[in-house]
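Notes follow once the structure below has been shown.
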Amino acid sequence: MITVNINGKEIKLEKPVTVLEAARSAGIKIPTLCYHEQLEKYGGCRLCLVEIEKIPRLQTACTLVVTDGMVIRTETEQVTNARRGVLEFLLINHPLDCPYCDKAGECELQDMVEKYGHTTGRFKENKRRIPENLEDPVIVRNMERCIMCTRCVRMCEGVQGASAIAVINRGGHSHIEPFSGGRYDCEYCGNCISVCPVGAIMSRMHRHSYRPWQLVSETETICPYCGVGCTLVVQVRDNVIKRVIPRLGKGVNSGLLCSRGRFGYEFVGSEERLTSPLIKKDGKLEQATWKEALDLVATRLGEIRKKYGSDSIAGIASPRCTNEDNYVFQRFMRGTIGTNNIDSTASLGYAGTLRFIENIFGGGVTANQISELSNSDLIFVAGGDPTTVNPVFGLKIRACSRNGGRLLTIGHSKGLRNFNPVELRPQLFTETVLLEGLVTALKDRKGLPGSNKKIETRIKDINISVDDVEKTSRVSGKDVEKFANLLSESVTPAIVIGRELMQSNGNSYKFLLLSAISYLINGKIYLLSERSNEQGVIDMGCAPDILPGYKSVSDSEFRKRYESVWKTAIPEKQGLSLSGMIISAKNGAIKAMYIMGENPVYNLPDSKEAEAALKNIGFLVVQDIFLSETGKIADVVLPALSWSEKEGTFTNMERRIQLLRKAVIREGKEDWRIISNISGNMGVKFNYSDAEDVFSEISSVSPLYKGLSYKEIEMGNSIYPYKGETLTGGEDIQIHKGKSITAVSRLYLRIERPLFHSGTLSRRAQALLKVYPEAVARISPLTAEAYSLKNGDKVKVSTKKGFLELPVAIDDGLENSVVALTNNFEGKGAFSLIEYTIDTVTNAPVIEGIEVSIEKGGG
Amino acid sequence: MLSEAVIKELEEIRQRYPNARAALLPAIYIAQREFGWLSPEAYEAVSDILGVPKTIARGVATFYAMYKHKPMGRNIVHLCTNVSCMILGAERLVDILKERYGLEPNSTTPDGRFSLVIMECIGACGTAPAMLVNTDFHDNLTQENIIQILESYK
Ligand code: SF4
Ligand code: SF4
Ligand code: SF4
Ligand code: FES
Ligand code: FES
């Protein structure tokens, strides 16, 4: 126990902390500027000076660590004079253009001067002039205002890990710049903006459009983009979102955001939003009233069901919609329509992976806390770059490395490259052998623990020597040994499975091998999740074979639970999966389809095939916030309310349920309400008054959510397994090793998942478009040389399925055998070039080994 | 692109220090030698070899006045105008350079022969005014001998 005396008050402390922390814990205020609780200590601004008995000069409270018996005074004459002096010095150069500065009202310097400073300054010299820099489309720098606290630099380097800005020059000339001196070339997380205490680094998005004190409302909600589920504060004026910020201590992201979350909100107010229902008349979509549209949908669906049976209708749910939307949707399909033909794009990888691994280890095995990651002593990343798919999750991995943890990666993980990873880069299509080699090596080192017979029977015969691994994969035996040693020595390992692996050839076998590794070293598994409610859409039973809560539709007892609440029968027969629906649409077995918040014409692999199949459907209903590619070919389009306009819940990748709140008021209907209206028109009334009402039904019926309510969620009691019953694995492990691919082509296609885009939403966010304006074809420097291509040159990228004409971007993080394309921009989606097969175990499309050629010139 | 030999030189320098950042100053100096000045490519080369982010390398280099932060002439005149030198007529010397060569502070003559950098005290106050031309030291400058000295640099 340490005892210190601050301003005559005795304070007892458990462990040595800084004087500042000690004072704050006792409610004693010491002013600060360069100090920030998220950042490494710096002691640069000198505003926090305090008097310490027996130390002759004033000391910085933010850096000095207390010792037992220390006597501290924070409000003596000497201290207040020093503070006043520090502030007077800062104002020698600081412009005092507060009336014009966006920061005024929330500026820490303004507050400090107002509270502790002189009323007038004594310096008469001219202030330094550094013109405001507007070269960047998103971030404005006004370096005259900079007080050199280096908070931004410490954020960018020490927390974000991007090292994109630095102090340049010396003395009175020093200020902050990105490498180019003008435009940023960075991750655009905007976390530097969050920590700048003054108006030196600011967002251009809301420039001069409001004052902090004019914000009418602040609403805490959840990010609409990815599965991390960051907590956002949405600030609104005149019913328009002006700014999105994180909040210290709140949510999985505590004070941090990524570019999508911070700058991607503009789609909400986009002029392209659908405002009224549309009905196709003579081949053209025309505006209609809600009544016309809802009646038409109900009548047509009723007719089709009568004529062709329930199973001629299919529904696609959405990993972007809330749990409530998805729950009501599957109730409608199952109860009202009477079919289990229901699925979502979660089945493009995430769902299959999750269910495969849960089948081995039991429910909830991937429900691991994101916050624990940074304390792991080792993180093994397989199958893609977590820092672009789930950026804030990626930060935890970087933090792990900074805390001394080891990072191991297989394949391409550019965002982790500067974090000292041990990288294994097997030849194309040889990861399986490498993983088998690792399993063999770990079995040798650790032995089989005997606790899970199911997996042990599957892996006991795997035996491949490091020499054989080396022969096939070209990863040296020594490296494999080193990798295996690190894995086996780790005490708190985590395993991260990325998107590329989820859609790889023989993915179920790879998951088995990764599960085996996890089993042998007792690791925690994390699955990367691209969409904000990818987990929730599965939890809600938007899958052809399970009801909400993961019980099979063939389980009659479980069906009864729902039937008794819904008062309708639920079919026993498993329905069609997403890929099955496309096939059935093509061959005419599907007569009608209802698509909620999804854009299959764009978001399904081999999207042209999907488009042809959907065009073949007699009656297509699309419910969305924009007129998507799929909407354009629909018979009826229904406009929905979007994120920030409605309430509900999302379930993130760690399976935490979180509340979405309404920040903007817009006329219209939530997805679940539209569905309820249609169901009512079809004679099955849903009596939900609001989203919370839907949720209470979910928690009353599904054993998984037993007793959970919005109130509990609000209090943070929504971490898996909630208070419910989890399920343990049931079936035998099936695997599918995939076809063997030998690398023959010069180039193969890879789907890139850029940090700045997600697709339909981000395409309507100006800030993200400015940072990443168009689709490009990324190639390695060597490939560029081989084809004599420069950055920006047009190329024609062709596969068996078609071609795209795109500008080239040379990327030194890529392998020489890869052409990386995105699937985010209208008319330029890489999914149109993809031919795929379906993995028979995980039902995920296999998007690997797609040969591609490039040709200079193009259009 | 750096030659194999230079890459090796840089790697050797790296070995002399406990961590990569400590090796920045000499490494930047070599990149400057190879690229002529601290161009973006020069920083990128240093960053690639040392594994220190290029933004950090640039931040460190800009602290120092004696690196070439922009393309410079063949000969760099570092002329001191701090107190002692100023009292003994350094400012007149600045004018002379302008009259004779059209050379202004922080600029380069159109023929690329000279660049002029104005220095704060270079530690030769006792024999002021003083200057460095490239790495050669010259003191006790006068309006006459400064031209003589500079004429020997082509
Ligand atoms: S936006 Fe993020 S990556 Fe870019 S400079 Fe700021 S902190 Fe660094
Ligand atoms: S830009 Fe802002 S955060 Fe960065 S050093 Fe200047 S005042 Fe501090
Ligand atoms: S990491 Fe994901 S949830 Fe968090 S701000 Fe970024 S996109 Fe949103
Ligand atoms: S807050 Fe302590 S020195 Fe800046
Ligand atoms: S003042 Fe010129 S050398 Fe010291």
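The values are calculated or read from the model by the stated rules, or taken from the named source; none is laboratory data. Keep in mind that this is a model prediction, so the values were computed, not measured. In this analysis, Cβ positions are derived from the backbone assuming ideal geometry, glycine residues included, and neighbour counts consider all displayed protein chains. Ligands, DNA and RNA are excluded from the accessible area calculation, which covers all protein heavy atoms including side chains. Shrake-Rupley method; radii C 1.70, N 1.55, O 1.52, S 1.80 Å.
Being assigned to a helix (DSSP H, G or I) and away from ligand 5 (no atom under 16 Å from the Cβ) is a condition met by at least one residue of the stretch A:172-183. Scanning the stretch A:603-636 for residues that are of a type in the set (V, I, T) and not in a loop (DSSP other than H, G, I, E, B) yields A:V621, A:V622, A:T630, A:V636.
Number of residues in the stretch B:23-82 that are closer than 23 Å to B:I122 by Cα, of a type outside the set (A, V, I, L, M, F, W, C), within 14 Å of chain A (Cβ to nearest Cβ) and out of contact with any helix residue (DSSP H, G or I) (no Cβ under 6 Å at 6 or more places or on another chain): the value is 4. Checking each residue in the stretch A:603-621 for being under 27 Å from the mean Cα position of the chain (by Cα) and hydrophobic (A, V, I, L, M, F, W, C) picks out A:L604, A:A610. If the condition is being assigned by TED's automatic domain parsing to the domain that holds A:I193 and in a helix (DSSP H, G or I), then the stretch A:108-157 contributes A:R151, A:C152, A:V153, A:R154, A:M155, A:C156, A:E157. A search for C-beta distances below 7 Å between a residue of the stretch A:158-171 that is assigned by TED's automatic domain parsing to the domain that holds A:C186 and under 16 Å from A:I201 (Cα atoms) and any residue that is away from ligand 1 (no atom under 13 Å from the Cβ) and assigned to a strand (DSSP E or B), counting only pairs 6+ apart in sequence or on different chains, returns A:I168/A:H175. Check whether at least one residue in the stretch A:31-51 is in contact with a strand residue (DSSP E or B) (Cβ under 7 Å, 6 or more places away or on another chain), away from ligand 1 (no atom under 16 Å from the Cβ) and more than 22 Å from A:P197 (Cα to Cα), and report yes or no. There is at least one residue in the stretch A:31-51 that is in contact with a strand residue (DSSP E or B) (Cβ under 7 Å, 6 or more places away or on another chain), away from ligand 1 (no atom under 16 Å from the Cβ) and more than 22 Å from A:P197 (Cα to Cα). Cβ-Cβ distances below 6 Å connect the following pairs, each with a first residue in the stretch A:482-505 that is over 16 Å from A:I379 (Cα atoms), a second residue that is hydroxyl-bearing (S, T, Y), and a separation of six or more residues or different chains: A:M502/A:T353.
The criterion of at least 1 residues that are of a type in the set (V, I, T) and under 30 Å from A:D545 (Cα atoms) is met by the following strands (runs of 3 or more DSSP E) wholly inside the stretch A:224-330: A:313-317. Scanning the stretch A:820-831 turns up no residue that is farther than 24 Å from A:D624 by Cβ, outside any strand (DSSP E or B), open to solvent by less than 50 Å² (accessible area, probe 1.4 Å) and in contact (Cβ under 8 Å) with a residue 24 or more places away in the chain. Look at the stretch A:486-541 and say how many of its residues are assigned to a loop (DSSP other than H, G, I, E, B), open to solvent by 10 Å² or more (accessible area, probe 1.4 Å) and closer than 22 Å to A:R753 by Cα. Total meeting the criteria: 4. Among the residues of the stretch A:184-233, those identified as among the β-branched types (V, I, T), touching a strand residue (DSSP E or B) at 6+ places or on another chain (Cβ under 8 Å) and away from ligand 3 (no atom under 16 Å from the Cβ) are A:I201, A:V216.
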